[in-house]
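What follows is one structure encoded as structure tokens, with my remarks underneath.
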Amino acid sequence: MNYFLYRLNTPRPTFPADITPAERKLMQEHSMYWRELMKKGLVIAFGPVADPKRPYGIALIQLQDDSDPNTLGANDPVIKAKAGFDFEVHPMPSVVLPEHHA
């Protein structure tokens with residue numbers, strides 16, 4: 001299994017305190033997208049991080065093969081909408097999971 005950390009960077013440091021109606025709709029689509037990936041077993045966990053410097057979102061991705069995890073990020077509705085969000089994907093060479101997870 002290959003593991004990756006996905007980081008969704010928000011369009012501005014004040015997000016989500018000043019989220020617009022269009023961004024709220026995009027974030028709902030974003031959440032549904034990652035929930036579907038979770039149902040498929042590609043995502044272990046995801047959610048927002050309340051970093052006081054600049055909020056962002058993360059997902060812990062698991063892939064069984066050599067699939068490109070960047071594809072998951074590129075297909076995120078907030079990225080496809082070109083609404084000021086961007087993302088990073090970083091490999092995780094070692095991951096500790098609860099015994100019941102495997």
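For the reader, a short list of remarks on this structure follows.
- Qualifying residue in region 54-68 (condition: of a type in the set (Lys, Arg), at pLDDT below 95, surrounded by 11 or more Cβ atoms within 10 Å (Cβ to Cβ) and closer than 23 Å to PRO21 by Cβ): yes
- Among the candidates LYS82, LYS53, the residue that is out of contact with any strand residue (DSSP E or B) (no Cβ under 8 Å at 6 or more places or on another chain) and at positive phi is uniquely LYS82.
- Answer from LEU8, LEU72 - the residue that is within 30 Å of VAL96 (Cα to Cα), among the aliphatic types (A, V, I, L, M) and touching a His at 6+ places or on another chain (Cβ under 9 Å): LEU8
- Pairs where the first residue, in region 1-20, is assigned to a loop (DSSP other than H, G, I, E, B) and the second is of a type in the set (S, T, N, Q), C-beta under 9 Å, 6+ apart: MET1/GLN62; MET1/GLN64; PRO16/THR10
- For region 69-79, the candidate set comprises residues that are within 17 Å of PRO91 (Cβ to Cβ) and surrounded by 18 or more Cβ atoms within 10 Å (Cβ to Cβ); within that set, the residue that is nearest to the chain's Cα centre (by Cα) is GLY73.
The values are calculated or read from the model by the stated rules, or taken from the named source; none is laboratory data. Note that the structure is predicted; figures quoted are calculated from it, not measured. Neighbour counts run over all protein chains shown; Cβ positions are idealised from the backbone, glycine included.
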